[in-house]
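First comes the structure, then the notes that go with it.
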Amino acid sequence: MAAIEVTALRRVFTQRRRPGHVALDGIDLRVERGEVFGLLGPNGAGKTTLSRILSTLLLPTSGTVRVAGHDVVTEARAVRSCVGLVLGGERGLYGRLSPRRNWEYWAAMCRVPSRVARTRIASLLAELGLESRADEPVETFSRGMLQRVHLGRALVADPPVLILDEPTSGMDPNAAIGFRRLVEDLQAAGKTILMATHDMAEAEQLCTRVAFLDRGRILATDDPERLGRALDGVRTISATHVAPAAVRRLEALPGVGECTVDGSGKVVVGVTRREDVSPVLAVLAEENARDIRTAGPGLLEVYRTLIADREFSL
Amino acid sequence: MTGVAGVAIHSVRMQLRLVLRRLGSLAPLLINPLYVVVFFGAVAAHRPSAELLTSLGLTAFVMAAWGHAVFTASHVIDEERFSGTMEVNLTAPAGYLVSLVVRIVTVTVLAAPVIAEVAVVGLLTHGTGLVIRVPFQFFVAVLTCLAGCAAGALLLSGLLVLVRGARTLQNALTYPFYLLGGLILPHFSLPEGLRQLSDAFFLTWAVEGLRAAAAGSPGGWRDLGLAAALAVASGAAGTLMLQRVLLRLRRGEVRFHD
């Protein structure tokens, strides 16, 4: 049984005297247990709407959505027992209360027995590095700490599925790295994680599979590496200990768009077609270059290829 | 403790902590002694009896309780929406509606100490506190009054989410309702039409019941019964409205954020 199964999901927001806005248009999706699945796409693509439907906050207009085998419409209560929603930013917490009090309230709402809740809260405070601030109001916390409080709240009830809605938005790089480490730990603990994000590097690092959404439709779903390989875009080849003569040979090759060398003899070559990679590798091997690496297009390139740049228009 | 009782207990604790961390939200209750001073001052020249002072003091108490329900308790949901906690809490397996109702009642009940404020002001200004002839009946009357105010806050809190501009209406829910509830004039002296409306308002009977319990006059229990029935009816209507609000939020017909 999949952790999340979405079939022909459609969500239309109707407004008075105006045609309805189609937020999700025929979404089919399957997330296996233990996966970290990324939802990528521009603002307004439908990521948040999908996250809200999965966590029972919104009802679908049509289609079926099952989480841990339960239908989000007819078995909403069972779904809620299996899902932890993690919002990004300062919203969603009682700012005047401490992490401990926020989590205690949530545990009661999830009908977690008080004794179990106390033990779990104590261990979460330690795991998330919040012990020293456990009894301070969360309104005094930094963005990174708030995110840990959000995550801790969702984990108090120990749900098997976590839905993270732009979890690292606005975080500084260190906080974001720390948060990603936590997500990796949760995956190792067997949690299924669905993560809506704008951060392609984060998705590349964490997600076993990603789906690109635009205007309420899924454009592609696959693992990040395969999506990159399928794209006939720029590939980079890098190597060290490259002699100047070898650099000249590389520059002369057809298909080499860019060739940069730094003072230490490291060269980075850019090619646009797959068939141009082999001649470059052959030259580097002949010239005894070391530490030869190739990199295909990343999710950012896939994103820019799949989703048209609308600049500031919606 | 789990289940509904657990949710209720944690909700009371949580709401009290939220209030204690922003005492400003109780400011309207601190203004109450000023009302009492004005009322007592207005009759001072006429050497008022202890019964009259008690009646005036109870009027001030009911005004404070209703005002507190309208301006503070009804905002529990509004604050949930504003802080984004409503969004998260709606994903809880059960109990959010129970929690909201309990929290609104908790805030309303915080108006109870106003009774003591009234008594203290009476002692300081006229040398007499509240004269209560039937204490048990009076205690029940105070509870009925607070329960009715909480029911009113429940109804209003749903309206604040559903109806745009409901905040503008809040001011209209105080003085006209004091008049309607027989706080300013006895309700039997209200004009035809308005009196029937007043009869359907719990506050009318709660105030009668409070005054009867204090004076030991007959008919107090009947008034309290009527007040309790009307409070239960408006509490049920308020809870149903909240349920509807939560459903409309899930349908996407009402926005999570204002």
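The values are calculated or read from the model by the stated rules, or taken from the named source; none is laboratory data. Everything quoted here is computed from the prediction, not taken from an experiment. Glycine also receives a Cβ, built like all others from the backbone with ideal geometry; neighbour counts cover every protein chain displayed. Just the protein is used for accessible areas: all its heavy atoms, side chains included, with ligands, DNA and RNA removed. Shrake-Rupley method; radii C 1.70, N 1.55, O 1.52, S 1.80 Å.
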| Rolling a 1.4 angstrom probe over the protein heavy atoms, how many square angstrom per residue are accessible across chain B? | 43
| field | Cα centroid separation, the range B:117-181 to the range B:1-71 (Å) | value | 7
| Cα-based shape type of the range B:126-255, given that a ≥ b ≥ c are square roots of the gyration tensor eigenvalues and the cut on a/c is 1.5 | prolate
| message | For the range A:191-267 and the range A:45-63, what is the centre-to-centre distance using only Cα atoms, to the nearest Å? | response | 32
| query | What is the magnitude of the charge dipole of the protein assembly as shown about its Cα centre, with +1 placed on the Cβ of each Lys and Arg, -1 on the Cβ of each Asp and Glu, and no other charges, expressed in debye to the nearest 20? | reply | 1280
| note | Restricting to Cα pairs under 8 Å and 6 or more apart, the percent relative contact order of chain A works out to 19
| message | Using +1 at the C-beta of Lys and Arg and -1 at the C-beta of Asp and Glu, which of B:CYS149, B:PRO135, B:MET86 has the Cα lying farthest in the positive direction of the dipole of the range B:77-167? | response | B:PRO135
| task | Could you look at chain A and say what percent of its accessible area is carbon and sulfur, using a 1.4 Å probe and all protein chains? | result | 49
| field | MRE, 222 nm, helices only [DSSP H, n ≥ 4, -39500 (n - 2.57), over chain B, to nearest 500] | value | -24000 deg cm²/dmol
| message | Could you identify which residue out of B:ALA73, B:ALA215, B:ALA227 has the top mean-square fluctuation in a GNM of chain B using Cα springs shorter than 10 Å? | response | B:ALA215
| Order of A:208-217, A:46-55 by packing, highest average Cβ count within 10 Å first? | A:46-55, A:208-217
| message | Rounded to the nearest 5, what % of DSSP beta bridges with both residues in the protein assembly as shown are antiparallel? | response | 65
| said: Between 0 and 90 degrees, rounded to the nearest ten: what's the tilt of helix A:99-109 against the longest Cα principal axis of chain A? | reply: 60
| query | Where the centroid of each part is defined by its Cα atoms, how far is the range A:72-129 from the range A:140-173 in Å? | reply | 11
| message | Helix-only estimate, please: 222 nm mean residue ellipticity of chain A, summing -39500 (n - 2.57) across DSSP H runs of length 4 or more and dividing by its residues, to the nearest 500. | response | -10500 deg cm²/dmol
| remark: Among A:ASP28, A:ASP172, A:ASP222, the residue with the largest mean-square fluctuation in a Gaussian network model of chain A built from Cα contacts under 10 Å is A:ASP172
| said: Rounded to the nearest 100 Å², what is the buried accessible area between A and B, both sides summed, probe 1.4 Å? | reply: 3500
| task | Could you work out the relative contact order of the range B:60-135, using alpha carbon pairs under 8 angstrom and six or more residues apart, expressed as a whole percent? | result | 36
| query | How high is the relative contact order of chain B, in percent, with contacts defined as C-alpha pairs under 8 Å that are six or more residues apart? | reply | 24
| Which of these, A:VAL269, A:VAL156, A:VAL31, has the largest mean-square fluctuation under a Gaussian network model of chain A (Cα springs below 10 Å)? | A:VAL269
| remark: Losing no less than 40 Å² of accessible area (probe 1.4 Å) relative to the isolated chain, the residues of the range B:205-254 are B:ARG250, B:ARG251
| said: How big is the dipole moment of chain A about its Cα centre under a simple scheme where the beta carbon of each Lys and Arg is +1, that of each Asp and Glu is -1, and everything else is neutral? Debye, nearest 20, please. | reply: 1300
| query | Considering every residue in B:20-26, what mean count of other chain Cβ atoms within 10 Å of its Cβ is obtained? | reply | 1
| query | DSSP H helices in chain B with Cα extent of 15 Å or more along the helix axis and mean Kyte-Doolittle hydropathy at least 1.0? | reply | B:3-20, B:27-44, B:50-68, B:96-109, B:114-126, B:135-162
| message | Checking the a/c ratio against 1.5 first, then a/b against b/c, what shape does the Cα gyration tensor give for the range A:50-178? | response | oblate
| In debye to the nearest 20, how big a dipole does the range A:17-110 give about its Cα centre with +1 on each Lys and Arg Cβ and -1 on each Asp and Glu Cβ? | 400
| query | How far is helix A:173-188 tilted off the main Cα axis of chain A, in degrees rounded to 10, range 0 to 90? | reply | 70
| remark: Rounded to the nearest whole number, the per residue volume of the convex hull around the C-alpha atoms of the protein assembly as shown in Å³ is 196
| Using a 1.4 Å probe, what is the accessible area per residue for the range A:114-155, in Å²? | 46
| message | Tell me whether the range A:1-101 comes out rounded, prolate or oblate; compute the Cα gyration tensor, take square roots of the eigenvalues as a ≥ b ≥ c, and use a/c under 1.5 as the rounded threshold. | response | oblate
